[in-house]
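Okay, so here's the structure we're looking at.
The values are calculated or read from the model by the stated rules, or taken from the named source; none is laboratory data. Since the model is a prediction, treat every value here as computed from it, not as a measurement. Positions of Cβ are backbone-derived with ideal geometry, glycine not excepted, and every protein chain shown enters the neighbour counts.
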Amino acid sequence: MDIKRIHHVAYRCNNARETVEFYQRVMGMDFQLAIAENEVPSTKEPDPYMHVFMDAGNGNVLAFFEIPNSPPMQKDPNTPDWVQHIAFEVEDLPTLLAAKTHIEAEGLDALGPVDHTIFKSIYFFDPNGHRLELATNTAKAGMLENLHEVAPAMIAEWDQTKKAPNHAAWLHDGSFSTNKINSKEE
């Protein structure tokens, strides 16, 4: 299988127009297209919908469905608010801070910046209750390579223990050193 990129990611929205306007005004996204039908093409169910597509930059598309004949949207009561979110990358820390100022000027609460060692993020919610994240990469040389290298061991340990493995404890304790990478190359 040769996957080129994500074609689009789709979420549900309460109101298509309100959602389009939010993503245009707050996120600076261009409204690409809308598809509306009275029958679901894949299942042939008679269920009218409005499907809107927003340009999320670099060929990435964020889409939403308004489906008025379905029960009202609700969050999964068993999943914490911080888990399910859409993360967008911005150029640098000044851009992230300017975005936070813009978001707060729109009357929205924005949390952060939160330092994740390899990136910094701010968090806020769209009018549908979807959590959004803006992030800028801050990884130092060797950090991502180290995380890639330890990922198989981390997932194996997690699968057995369901406790956070310590293979990348440096993300939280500040102990990362390029010596960790160099010593593995010898």
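Odds and ends about this structure:
- Residue count for the stretch 45-86 satisfying the condition of being in a loop (DSSP other than H, G, I, E, B) and closer than 17 Å to MET29 by Cβ: 5.
- Residues located in the stretch 127-139, provided they are out of contact with any helix residue (DSSP H, G or I) (no Cβ under 8 Å at 6 or more places or on another chain) and either surrounded by fewer than 15 Cβ atoms within 10 Å (Cβ to Cβ) or touching a residue at least 40 places away in the same chain (Cβ under 8 Å) (or both): GLY129, HIS130, ARG131, LEU132, GLU133, ASN137
- Residues that are loosely packed, with under 12 Cβ neighbours inside 10 Å and on the phi > 0 side of the Ramachandran plot, drawn from the stretch 34-69: LYS44, ASN58, GLY59
- Contact map, the stretch 82-110: first residue in contact (Cβ under 8 Å) with a residue 24 or more places away in the chain, second residue in a helix (DSSP H, G or I) and of a type in the set (A, V, I, L, M, F, W, C), Cβ cut-off under 7 Å, separation 6 or more or different chains; pairs are VAL90/LEU96; VAL90/ALA99.
- Residues of the stretch 89-125 classified as of a type in the set (A, V, I, L, M, F, W, C) and part of a loop (DSSP other than H, G, I, E, B), total: 4
- Residue within the stretch 25-36 that is touching a Phe, Trp or Tyr at 6+ places or on another chain (Cβ under 7 Å), at pLDDT 95 or above and assigned to a loop (DSSP other than H, G, I, E, B) present: yes
- Complete set of residues in the stretch 3-40 that are in contact with a strand residue (DSSP E or B) (Cβ under 8 Å, 6 or more places away or on another chain) and aromatic (Phe, Trp, Tyr): TYR11, TYR23, PHE31
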